Amino acid sequence: MKLHETFPLKIFSPFNTYFDGPALALSAQNASGPFDILAKHEDFLTILVPCTVTVQTPAGDKEFSMQKGIIQVNNDQVWLFANI
């Protein structure tokens, strides 16, 4: 896997979209501990614990504070449903 590969990422809640674009990596935390998602990640579904989600993008890092959320990875696309 090349480090410059991106994947489509959308971070949103019922009323807001916080991020929608290409990402190099996503770092977050679930009940088992911290984890990272990179391009070509296996399909994955997890519930977040309160944490800071860090998104590495080609334009730089972005951070989002999460109290709860669900991350789904499916066919190299990632959705983070925030605050639901």
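Any read-out appearing in this document is the output of simple, stated calculations on the displayed coordinates, not a laboratory observation. Keep in mind it's a predicted model, so treat the numbers as computed, not measured. Reconstructed Cβ throughout: ideal geometry from the backbone, glycine too, with neighbour counts over all protein chains shown.
Below is a table of values for the structure above.
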| quantity | calculated |
| --- | --- |
| Residues of region 1-22 satisfying the condition of being farther than 15 Å from ALA82 by Cβ and touching a strand residue (DSSP E or B) at 6+ places or on another chain (Cβ under 8 Å) | MET1, GLU5, THR6, PHE7, PRO8, GLY21, PRO22 |
| Of all residues making up region 23-36, the number that are under 11 Å from the mean Cα position of the chain (by Cα) and either closer than 11 Å to ILE71 by Cβ or not charged (D, E, K, R) (or both) | 8 |
| Residue in region 53-79 that is surrounded by the most Cβ atoms within 10 Å (Cβ to Cβ), counting only those that are part of a strand (DSSP E or B) and touching a Lys or Arg at 6+ places or on another chain (Cβ under 7 Å) | VAL55 |
| Within region 1-42, tally of residues that are touching a residue at least 40 places away in the same chain (Cβ under 8 Å), assigned to a strand (DSSP E or B) and within 17 Å of ASP61 (Cα to Cα) | 11 |
